[in-house]
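Contents: one structure, followed by commentary.
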Amino acid sequence: MRKKILVIGAGSGGVITTGQMLEGLDTGWEVHNVFDPSIPILGVGEATSTIVPTALFKGADFIFARDAHHLDSTIKLSVKYVNWRKHDFHSYILPASYALHFDNTKLKDFCFMRYKEIYPYKFKSIEGTVDYFKNVPDAVEVSINGKISTYDYVIDCSGFPKDFTGYVTEDLPLNHAIATQIQKPGDWNYTYHTAHKNGWMFGIPLQSRQGWGYMYNSDITSKEEAITDMCSILKIDEKETKFREFAFKPYYTIDKLIDGRILKNGNQYMFFEPMEAMSMEYYAGLNFRYLFMIRGSMQKQRLLQLTKNDVNSLIMFYRFIYHGGSTFNSEFWNITKEKTKYYLKHTSNFAACVDEYNKNKENLLKSGKEMIIAPFDVAIWKRFDRELGYLYFK
């Protein structure tokens, strides 16, 4: 009898998770995905890291030269930081890799089409509402549209948690976003990270349109101020433009990540701001660990410790970027600099990593080994360090 795993949710996290399970589990497994078609997918374009085209290639046979039009996608070669310092600079993707910008409203249909072609006896999609799911002996009981089934594992990618008990909320600078689209192609191959007086704004190029998101802190800046400033930066007419507003808070869970045979991923696992598009990197990386655990080659406690280390390093990276401020002398940036300086100063793993690199640089270079400080290797940290003028890495 074949084993079965169920992925809940068909947002980006759920779709990528489904593909990774299909590709990573042998023919003794079935992989099902259940989603509610009445729940809309956020559609402002999406930037990714290098792990996503790899996951799409392995899981859905996505080849950019052949399939880019399916996702309205463009190549991403860097992140361009504007107004963070007097000079603009690029956070380059190291050769020979690339990432993608894509329309996430198109991801499910494309990937599910490919999953059905590649894994006809292994993949099943289910449209419906999950009434409940719970651990039972050696399985998970799931009710979908009133029908009860059992699965060996469930991966919950159903979106934002309704209950934040067991989650850690981090004190990071942003908690609000205004998103809009410009209906003309984006003609650049990087993601914009443009600092403004109230935070920063991302810009994503797609083949048919552009996606923009103005990030700010609603405790400092009003929605009306944010929209007015966004329109001024983009040179668009506020009266003729449609906007969507999103409130969020930075959070993650380790304690609730694994409950028996119920696993969490996507926004059920963590949500941080989209700087450097690291969310999907972390979702996909967690799936690799889940696969190891399911196969019996990684223990739960080891998985949780590695995941906690990764999340802490990502938070450390955000504070590293912010703590030098930007070109704006504003209330937001003055508060942000002081807070992130304080937290970074009291982050022991950051000081330890810098100290170890500076003390052992010659040995590391001679041996050909580079320290890895998540979420990037030391070469990228050093580039940021130089471009931002911090000079921690000697």
- Message: Let me test this: with uniform point scatterers at the alpha carbons of the stretch 261-352, what is the Debye-based log₁₀ I(q)/I(0) at q = 0.12, 0.19 1/Å?
- Response: -0.49, -0.94
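Only Lys, Arg, Asp and Glu count, each charged at its Cβ (+1, +1, -1, -1), so figure out the dipole size of the stretch 176-247 about its Cα centre, rounded to 20 debye.
On the way: 8 positive and 9 negative charges, 48 e Å.
That gives a dipole near 240 debye.
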- Projecting the Cα atoms of Pro205, Thr180, Met230 onto the charge dipole of the stretch 176-247, where Lys and Arg contribute +1 and Asp and Glu -1 at Cβ, the residue farthest towards the positive end is Pro205
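Taking 0.36 nm per residue of sequence separation and subtracting the Cα-Cα distance, how much length would be gained by fully extending the chain between Leu291 and His90, in nm to one decimal? If you can, show how the numbers build up before the last one.
On the way: separation 201, 0.36 × 201 = 72.36 nm, distance 3.44 nm.
Using 0.36 nm per residue and subtracting the Cα-Cα distance, I get 68.9 nm.
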- Mind pulling the angle between the C-alpha long axis of helix 223-234 and the longest principal axis of the chain? Nearest 10 degrees, somewhere in 0 to 90. 70 degrees
- Message: I'd like the trypsin sites (Lys or Arg not before Pro) in the stretch 1-97 restricted to DSSP loop residues with at most 13 other Cβ atoms within 10 Å, sorted by number.
- Response: Arg2, Lys86
- Query: Can you list residues whose amide H is under 5 Å from Val82's amide H, if they're 5+ apart or on another chain and H is modeled 1.01 Å from N?
  - Reply: His193, Thr194, Ala195
- Query: Where in the stretch 222-258 does the label zone of Lys184 land, with the point 7 angstrom along Cα→C-beta and an amide N cut-off under 13 Å?
  - Reply: 234-237
- May I have the count of lysine pairs in the stretch 167-268 with C-alpha atoms under 15 Å apart, counting pairs 8 or more residues apart or located on different chains? 6
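Based on alpha-carbon positions alone, could you give the equivalent ellipsoid semi-axes of the stretch 315-387 from the gyration tensor, as √(5λ), descending, whole Å?
Working: eigenvalues 152, 32, 16 Å².
Over the Cα atoms of the stretch 315-387, the ellipsoid semi-axes are 28, 13, 9 Å.
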- Pop out the ³J(HN,Hα) list for the stretch 244-259 in order, Karplus 6.51 cos²θ - 1.76 cosθ + 1.60 with θ = phi - 60°, rounded to Hz; leave Gly and Pro as x. 10, 10, 10, 9, 8, 9, x, 7, 7, 9, 10, 4, 9, 5, 10, 10
- Query: Taking θ as phi - 60°, what are the ³J(HN,Hα) couplings along the stretch 305-312 by the Karplus curve (6.51, -1.76, 1.60), each to the nearest whole Hz, with x for Gly and Pro?
  - Reply: 5, 4, 5, 4, 4, 5, 5, 4
- Within the stretch 315-387: Cβ-based charge dipole about Cα centre, in debye rounded to nearest 20 (Lys, Arg +1; Asp, Glu -1): 80 debye
- Message: Using the Karplus curve 6.51 cos²θ - 1.76 cosθ + 1.60 with θ = phi - 60°, what ³J(HN,Hα) values do you get for each residue of the stretch 290-304, in whole Hz, with x for Gly and Pro?
- Response: 4, 4, 4, 5, 4, 6, x, 9, 9, 7, 4, 5, 5, 4, 5
- Query: Can you list residues whose amide H is under 5 Å from Glu30's amide H, if they're 5+ apart or on another chain and H is modeled 1.01 Å from N?
  - Reply: Lys3, Lys4, Ile5
- Message: Helix-only mean residue ellipticity at 222 nm, the chain, DSSP H runs n ≥ 4 weighted -39,500 (n - 2.57), per residue, nearest 500. What is it?
- Response: -11000 deg cm²/dmol
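Place a +1 charge on the Cβ of each Lys and Arg in the chain and a -1 charge on the Cβ of each Asp and Glu, then give the dipole magnitude about the Cα centre in debye, rounded to the nearest 20. All intermediate terms of the calculation are to be shown ahead of the outcome.
Values: 48 positive and 45 negative charges, 175 e Å.
About 840 debye.
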- The residues Cys353, Cys111, sorted from fewest to most surrounding Cβ atoms within 10 Å, come out as Cys353, Cys111
- Message: With the crude spin-label approximation of a point 7 Å out along Cα→Cβ, what separation in nm comes out for Glu224 versus Lys345?
- Response: 3.8 nm
- Once the Cα atoms of helix 107-118 and of the chain are each reduced to a long axis, what angle between those two axes, in degrees from 0 to 90 to the nearest 10, is obtained? 40 degrees
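Taking 0.36 nm per residue of separation and subtracting the Cα-Cα distance, what length does fully extending Glu245 through Ala352 add?
On the way: separation 107, 0.36 × 107 = 38.52 nm, distance 3.94 nm.
This chain segment gains 34.6 nm when fully extended.
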- Considering the zone a paramagnetic label at Met298 would reach in this model (a point 7 Å from Cα along the Cα-to-Cβ line), which residues of the stretch 4-28 have amide N under 19 Å from it? 5-8, 13-26
- Query: So what is the relative contact order for the chain, in percent, with contacts set as C-alpha pairs under 8 Å and at least six apart?
  - Reply: 18 percent
- Query: Using a basic spin-label model with each label point 7 Å from the Cα along Cα→Cβ, how many nm lie between Asp259 and Gln305?
  - Reply: 2.6 nm
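Report the net charge of residues surrounding Trp29, where surrounding means a beta-carbon distance below 13 angstrom and charges are Lys +1, Arg +1, Asp -1, Glu -1.
Values: positive: Arg2, Lys3, Lys4, Lys122, Lys124, Arg295; negative: Glu23, Asp26, Glu30, Asp152.
Residues near Trp29 contribute +2 overall.
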- Starting from the Cα of Ser143, step 7 Å along the direction of its Cβ; do the same at Asp171; then give the gap between the two resulting points in nm. 4.3 nm
- Query: Quick one: helix 378-387 against the long Cα principal axis of the chain, what's the angle to the nearest 10°, folded into 0 to 90?
  - Reply: 30 degrees
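How big is the convex hull of the Cα atoms of the chain, per residue, in Å³?
Once divided by residue count, the hull of the chain is 153 Å³.
Nearest 0.05, what FRET efficiency do Thr105 and Lys134 give at R0 = 35 Å with Cβ-Cβ as r?
On the way: r = 32 Å, r/R0 = 0.91.
The value I calculate is 0.65.
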- Message: Under 5 Å between amide hydrogens, which residues at least 5 positions from Ser125 or on another chain qualify, with H placed 1.01 Å from N in the peptide plane?
- Response: Asn33
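None of the figures in this text is laboratory data; all of them are computed from the coordinates on show. Since we're looking at a predicted model, the values are computed, not measured. Note: ideal-geometry Cβ built from the backbone for every residue, glycine included; neighbour counts use all protein chains shown.
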